[in-house]
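See below for the structure under consideration.
Coordinate-derived values only; no laboratory data. Nothing here was measured: the structure is a model prediction, and the numbers come from that model. All Cβ positions, even for glycine, are placed from backbone atoms using ideal geometry, and neighbour counts span all protein chains on display.
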């Protein structure tokens, strides 16, 4: 094989790999978009839980100013 054949094969393989990679990326993007509402709910839940723990710790420290183990 001369270098032009090898170059052509390399370009074809690269194009096939890019096509497969793009297809995998699109499937992953569709999964993320399908699960997006769930991700929003989980994130909001973590925020609410963190704020609850923060306010609870502040209330306990206000009543007992010594160091608390969490």
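Brief remarks on what is shown
- For the chain, the convex hull spanned by the alpha carbon atoms encloses 137 Å³ per residue.
- Angle between the chain longest axis and helix 3-63 axis [Cα atoms, degrees, rounded to 10]: 0 degrees
- Here the simple spin-label model places points 7 Å from the Cα toward Cβ, and for residue 23 and residue 63 these points are separated by 6.2 nm.
- Estimated FRET transfer efficiency when R0 is 22 angstrom, pair residue 52-residue 32 (beta carbons, to 0.05): 0.20
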